[in-house]
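Here's the structure, in structure tokens; my notes come after.
The values are calculated or read from the model by the stated rules, or taken from the named source; none is laboratory data. Source: prediction; values computed, not measured. All Cβ positions, even for glycine, are placed from backbone atoms using ideal geometry, and neighbour counts span all protein chains on display.
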């Protein structure tokens with residue numbers, strides 16, 4: 001009988017040793033390593049996890065995404081073969097609901113999940129047995145239109161932060177102070193890494209960028225350009241440029257200090273949709289728009305769908321309406337969460353934008 005593997009060394013101990021030996025590490029390094037450890041070691045979703053996502057709140061969310069994809073694909077000419085590609089598909093719930101709704105209108109794509117966590121892959125396969133798995137977009141088929149969905153994927157990609165100090169712009173780093181990790185300004189001048197239009201900002205200003213999100217949208221746009229198709233990117237974030245740190249941590253459905261337990265909490269940052277739209281357009285694809293999730297779901301008919309589900313199962317009526325309100329309510333997910341749509345040149349505009 002093989003021996004059990006020893007428990008992994010806490011990431012906080014690894015970081016403390018690294019910082020003691022080589023000095024402060026970048027915030028991007030800290031966030032990236034923390035989330036790799038976090039997602040590799042657990043299923044973070046649902047009531048027993050650390051957070052809950054829209055597809056787990058209600059089937060209506062995935063269904064409306066499936067109908068949106070079927071609608072744009074039909075109006076683009078029903079080209080086949082066609083591929084459904086989901087980035088970070090959670091438990092596979094969104095894909096299961098979306099594919100079932102799309103199938104009613106003749107859209108039956110091959111299914112591709114971009115997922116790094118082995119534990120989540122098992123859960124996803126149970127939900128969508130036909131799924132093919134990929135570590136990134138590079139191994140997705142290079143022929144036929146792609147219908148790409150990313151729900152709460154971009155927010156977990158590591159951010160880089162620059163802070164304006166009395167000596168100019170510096171990268172924000174993570175250092176040790178006793179037993180605690182704290183953010184500090186680095187020593188290296190970083191003025192050249194800050195866009196010229198933003199360099200004159202007052203002392204203390206923080207500028208946050210996400211190289212991983214930028215690279216992902218650049219690659220998605222390239223696929224749409226080459227193969228045709230459309231993409232929906234749904235996340236919390238802003239659609240206008242802004243300053244300040246948006247780094248946050250979630251554990252057991254509560255906000256916690258992002259520097260308190262690396263690898264044990266979900267670290268996220270708000271998605272900068274304004275910059276991502278510019279990146280997509282720079283490659284020549286259509287930016288359909290970026291709109292609040294609540295408005296988009298209302299445009300797609302979530303209220304009518306909720307009424308119909310409640311009429312079919314009156315005993316679940318209050319729960320159905322509560323879930324709908326959670327998805328579209330301005331004080332809940334309706335305003336903070338945004339939906340960004342992209343489409344290949346020559347493809348039609350998408351509903352809801």
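Taking interchain pairs and intrachain pairs at least six residues apart, which have beta carbon atoms under 7 angstrom, with the first residue in region 111-129 and closer than 19 Å to residue 37 by Cα and the second in a helix (DSSP H, G or I)?
Partner pairs satisfying both residue conditions: 114/137; 115/121; 115/124; 116/39; 117/39; 117/40.
Only one of (1) under 19 Å from residue 157 (Cβ atoms); (2) in contact with a helix residue (DSSP H, G or I) (Cβ under 6 Å, 6 or more places away or on another chain); (3) surrounded by fewer than 20 Cβ atoms within 10 Å (Cβ to Cβ) is not met by residue 250, so which one is it?
(2)
From the list 90, 144, exactly one residue is buried (at least 22 other Cβ atoms within 10 Å of the Cβ) and in a loop (DSSP other than H, G, I, E, B). Which is it?
After applying the criteria, what remains is 90.
Of all strands (runs of 3 or more DSSP E) completely enclosed by region 209-261, which ones contain at least 2 residues that are over 22 Å from residue 10 (Cα atoms) and out of contact with any strand residue (DSSP E or B) (no Cβ under 7 Å at 6 or more places or on another chain)?
Per the criteria, no element qualifies.
Show me the strands (runs of 3 or more DSSP E) entirely contained within region 262-353 in which 3 or more residues are touching a strand residue (DSSP E or B) at 6+ places or on another chain (Cβ under 7 Å) and under 19 Å from residue 65 (Cα atoms).
Passing ranges, in order: 286-292, 337-343.
Inspect region 119-137 for any residue being assigned to a helix (DSSP H, G or I) and within 22 Å of residue 211 (Cβ to Cβ) and give the result as yes or no.
yes
Any residue at all in region 100-107 that is assigned to a loop (DSSP other than H, G, I, E, B), at pLDDT below 95 and surrounded by fewer than 21 Cβ atoms within 10 Å (Cβ to Cβ)?
no
Got a sec? Which of 153, 61 is surrounded by 15 or more Cβ atoms within 10 Å (Cβ to Cβ), in contact (Cβ under 8 Å) with a residue 24 or more places away in the chain, out of contact with any strand residue (DSSP E or B) (no Cβ under 7 Å at 6 or more places or on another chain) and closer than 16 Å to residue 339 by Cβ?
61
Within region 323-341, is there a residue that is without any contact (Cβ under 8 Å) to a residue 12 or more places away in the chain, surrounded by fewer than 20 Cβ atoms within 10 Å (Cβ to Cβ), touching a helix residue (DSSP H, G or I) at 6+ places or on another chain (Cβ under 8 Å) and more than 29 Å from residue 164 (Cα to Cα)? Don't jump to the end; show me each part of the working.
Start the filter on region 323-341 by keeping residues that are without any contact (Cβ under 8 Å) to a residue 12 or more places away in the chain, which leaves 325, 331-332.
With surrounded by fewer than 20 Cβ atoms within 10 Å (Cβ to Cβ) added as a condition, the list becomes 325, 331-332.
Imposing the further condition that a residue be touching a helix residue (DSSP H, G or I) at 6+ places or on another chain (Cβ under 8 Å) reduces the set to 332.
Within this subset, residues satisfying the condition of being more than 29 Å from residue 164 (Cα to Cα) are 332.
Scanning region 323-341 turns up at least one residue that is without any contact (Cβ under 8 Å) to a residue 12 or more places away in the chain, surrounded by fewer than 20 Cβ atoms within 10 Å (Cβ to Cβ), touching a helix residue (DSSP H, G or I) at 6+ places or on another chain (Cβ under 8 Å) and more than 29 Å from residue 164 (Cα to Cα).
Checking residue 6 against (1) modelled with pLDDT under 95; (2) in contact with a strand residue (DSSP E or B) (Cβ under 9 Å, 6 or more places away or on another chain); (3) surrounded by fewer than 22 Cβ atoms within 10 Å (Cβ to Cβ), which single condition isn't satisfied?
Exception for residue 6: condition (2).
Hey, can you tell me all the residues within region 115-134 that are in contact with a strand residue (DSSP E or B) (Cβ under 7 Å, 6 or more places away or on another chain) and either modelled with pLDDT under 95 or under 20 Å from residue 59 (Cα atoms) (or both)?
Hits for region 115-134 are 115, 121, 124, 128, 130, 131.
Could you list, in sequence order, all residues of region 185-201 that are surrounded by fewer than 17 Cβ atoms within 10 Å (Cβ to Cβ) and not in a loop (DSSP other than H, G, I, E, B)?
187, 188, 189, 191, 192, 193, 196, 197, 198
Please go through region 156-177 and pick out each residue that is within 15 Å of residue 205 (Cβ to Cβ), in a strand (DSSP E or B), free of Cβ contacts under 8 Å to residues at least 24 places away in the same chain and out of contact with any helix residue (DSSP H, G or I) (no Cβ under 6 Å at 6 or more places or on another chain).
Passing the criteria: only 170.
Somewhere in region 179-193, is a residue out of contact with any strand residue (DSSP E or B) (no Cβ under 9 Å at 6 or more places or on another chain) and under 19 Å from residue 262 (Cα atoms)?
Scanning region 179-193 turns up at least one residue that is out of contact with any strand residue (DSSP E or B) (no Cβ under 9 Å at 6 or more places or on another chain) and under 19 Å from residue 262 (Cα atoms).
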